[in-house]
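Okay, structure first, notes after.
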Amino acid sequence: MITLSKAIVLVLPPLVGLFAGCATVSRPPIPTVSRVELPRFMGDWYVIAHIPTFIEENAHEAVESYALAPDGTIATTFTFREGGPDGPPKRYTPRGFVRDDTNATWGMQFIWPIRAEYLIAYLDKSYTQTIIARTARDYVWIMARTPEIPAADYARHVEQLKAWGYDVTKLRRVPQASRSAQK
């Protein structure tokens, strides 16, 4: 015969494990920069490194270009070569929608009606390096106005991503070989 105390000992650990497995880990939100001057942010940004989406897993020479549209949205062109510097060129044209008055939180729409979160989490004062993050910490982009950045800057960005809770082992450097040679 099983006593109440034995039943609790037998049933409680699996229940605790079940409920613990269902719990979500609460992480603090990723902060955005205090203000983005949209005209200064527009133009070409080389993707230095990323935790890629499925369309950019083998991207080489990736560049994200932004232009303010008359309706206030951000016309975006994302170009890269698939698989290598001689790979076929790819081009996507999502639209950005500024979601707050700091201009640091956007919705990026590749397919209607979905607008993916796009947080400008880091932007240096000279508007030459940026980090675009997501609350889910599933994707991230380190970008710059040039195809390469100093190693110390890259290391600092990686440390910041770790501090925000990103798994930086998933980070992929994006080859910019022929673009670097052109500069």
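Numbers at a glance
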| quantity | calculated |
| --- | --- |
| Under 17 Å from the Glu148 label point (7 Å along Cα→beta-carbon), backbone N, the stretch 35-61 | 46-49, 61 |
| Estimated distance in nm for a label pair at Ala136 and Arg156, the labels positioned 7 Å out from Cα along Cα-to-Cβ | 3.1 |
| Length released on extending from Ile111 to Thr169, taking residue separation times 0.36 nm less the Cα-Cα span | 18.0 nm |
| The stretch 38-182 shape via C-alpha gyration tensor axes, a/c threshold 1.5 | rounded |
| Charge dipole of the stretch 112-179 about the Cα centre (unit charges at C-beta), most positive-ward option of Tyr166, Trp141, Tyr127 | Trp141 |
| Overall form of the stretch 113-168 per C-alpha gyration tensor (a/c, 1.5; a/b vs b/c) | oblate |
| Sites matching trypsin sites (Lys or Arg not before Pro) across the stretch 39-115 that sit in DSSP coil, with at most 15 neighbouring C-beta atoms within 10 Å | Arg99 |
| Backbone HN-Hα couplings from phi across the stretch 71-80 [Karplus 6.51/-1.76/1.60, Hz, Gly and Pro as x] | 7, x, 7, 10, 6, 10, 10, 10, 10, 6 |
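Where a number appears in this text, it was derived from the coordinates with a stated rule and is not lab data. Fair warning: this is a prediction, and the values are worked out from it, not measured in the lab. Note: ideal-geometry Cβ built from the backbone for every residue, glycine included; neighbour counts use all protein chains shown.
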